[in-house]
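First up is the structure itself, then whatever we jot down about it.
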Amino acid sequence: MSNTRSSTHHCKICNRPSSHLIKAESLRPAINQLISKDLPDWNDEQYICPADLHRYRLRFIEEALVEDAGFLTNVQKEVVNSINEQANITRDMYAQWNQKLTIWDKLADNIARFGGSWSFILTFFSILIIWIIFNSLTLWYRPFDPYPYILLNLLLSCLAAIQAPIIMMSQNRMEARDRMRSENDYQINLKAEIEIRNLHEKIDHLMQYQWQKVMETQEMQLELLRDLSTKAPSKAV
């Protein structure tokens, strides 16, 4: 018997006729067990339509994910919804992230980027050297910040106190962006694994159906040959 039947057969789930019904014996055992929870009389001779099979596959995926973590996370829900809606889950994370940045976020990122560059180090040391030299010429005039440069120490302390939280804010945003990218990579990998598994199952169904069609075709050819051999006139010896 083939896995796909004509409209004379009905889906056991929705009781609707379909030209592409799948036989239960060709389904994965886990799917059959899941269907048996709703239909105790479900057996290998029953048929199911692709729409109901897709629904039970999604339900199986949800229960498998819940069994692993104890609950279904928002990331996993998005994967299940994308499979159900046949939608792409890949996103441009950088473009999506840049849309959320405010002018103060961009300013903090620029300050952190400049503070971690050689330009900042060279500029900072140049200002220090000029400051020290300018306030060390006690023989020529009265400097505004003589040794031990108390005003310079105060400015350096203020700079460190302001620069540290700005850099930390920028780093926190970078970590949040990397976390979003990691979640998107996890969603893509999870969906790819599920789709590949479903694809293998569909290929198995197709191979079984084609093999059965080949066998039926050969049986019909043998029957035609037997009919021709019986109808052919016997030759005289």
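The values are calculated or read from the model by the stated rules, or taken from the named source; none is laboratory data. Predicted, not measured: the structure shown is a model, and the values here were computed from it. All Cβ positions, even for glycine, are placed from backbone atoms using ideal geometry, and neighbour counts span all protein chains on display.
List of remarks:
- The stretch 142-171, subset hydrophobic (A, V, I, L, M, F, W, C) and in contact with a Leu (Cβ under 8 Å, 6 or more places away or on another chain), residue farthest from Ile103 (Cα to Cα): Phe144
- Qualifying position, being modelled with pLDDT of 75 or more, out of contact with any Lys or Arg (no Cβ under 7 Å at 6 or more places or on another chain) and within 30 Å of Asn32 (Cα to Cα), among Gln210, Gln163, Gln187, Gln171: Gln187
- Members of the stretch 33-46 found to be surrounded by fewer than 18 Cβ atoms within 10 Å (Cβ to Cβ) and of a type outside the set (Asp, Glu), listed by number: Gln33, Leu34, Ser36, Lys37, Leu39, Pro40, Asn43
- Selection count where residues are in a helix (DSSP H, G or I) and surrounded by 12 or more Cβ atoms within 10 Å (Cβ to Cβ), scope the stretch 135-164: 6
- Test: residue in the stretch 20-29 that is more than 17 Å from Leu199 (Cα to Cα) and without any contact (Cβ under 8 Å) to a residue 12 or more places away in the chain: no
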